[in-house]
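Since every read-out is calculated from the coordinates, none of them should be taken as a lab result. Bear in mind the structure is a predicted one, so any value in this text is a computation, not a measurement. Cβ placement follows ideal geometry from the backbone for every residue including glycine, while neighbour counts extend to all protein chains displayed.
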Amino acid sequence: MKNLDQYIREVPDFPKRGVTYKDITPLLLDPGAMKLAVKLFLENLGDQKIDKVVGIESRGFFFATLLAEKLEAGFIPVRKPGKLPHTTHSENYELEYGFDTLEIHQDAIKEGEKVLLHDDVLATGGTASATCKLIERCGGEIVQCSFLVELEFLKGADRLKNYEVTSLIKYS
């Protein structure tokens with residue numbers, strides 16, 4: 001089997017000129033690569049107890065649901081405004097080009113539950129940092145923030161320095 005980074009396709013000038021997009025869809029096409037990624041995520045977690053896995057819309061859902069199943073934990077989607085049908089907590093965060101908002105169901109996490117946060121890519125850390133605030137507002141304890149890809153040059157991990165951060169593929 002190849003290293004996982006062999007499954008990441010670089011797409012120049014997407015979503016805008018000057019950006020090289022890291023496309024994870026080739027990895028998703030290969031069941032062996034997906035299985036390896038899940039195995040590595042679980043190894044990074046060790047024997048830590050997890051009650052809930054939070055996945056960030058939308059590509060964070062892919063591995064978050066697989067990890068939740070393997071960990072025998074619940075899965076919680078964090079979504080953009082208006083996508084969740086029940087009462088939510090909201091968190092605004094800054095993007096390179098403006099602001100956005102994420103939401104979580106208020107009753108998704110019980111006080112003291114151990115939570116694994118997962119997303120596909122860690123870039124500037126804004127989305128993950130906002131999600132950490134949502135998890136903590138619900139009473140959850142963040143055990144780890146895991147990512148398939150980390151763009152280290154954007155220093156997103158700096159915004160998550162109070163948490164354990166793991167990434168399977170890193171680009172400097």
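Values for this structure:
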read-out: Which of Val54, Tyr171, Gly82, positive extreme of dipole for the chain (C-beta unit charges); value: Tyr171
read-out: Electrostatic dipole magnitude of region 2-135 [Cβ: Lys, Arg +1; Asp, Glu -1; Cα centre; debye, to 20]; value: 220
read-out: Residues of type aspartates and glutamates that Lys83 reaches as a straight line, Cα spacing below 15 Å, ignoring anything fewer than 8 places off in the same chain; value: Glu57, Glu91, Asp100, Glu103
read-out: Mean separation of Cα contacts under 8 Å (6+ apart) over length of region 37-172, as relative contact order %; value: 23
read-out: Of all DSSP beta bridges in the chain, antiparallel share, percent nearest 5; value: 35
read-out: Reachable lysines from Lys80, criterion Cα separation under 20 angstrom, eight or more residues apart if same chain; value: Lys52, Lys133
read-out: Within the chain, longest stretch free of exposed GluC sites (Glu not before Pro) [DSSP loop, at most 10 other beta carbons within 10 Å]; value: 1-71
read-out: Restraint check, Lys16/Lys114; Lys16/Lys49; Lys35/Lys155; Lys110/Lys170, Cα-Cα greater than 31 Å; value: Lys16/Lys114; Lys16/Lys49; Lys110/Lys170
read-out: 28 Å tail of the calculated P(r), the chain, as % of Cα pairs; value: 19
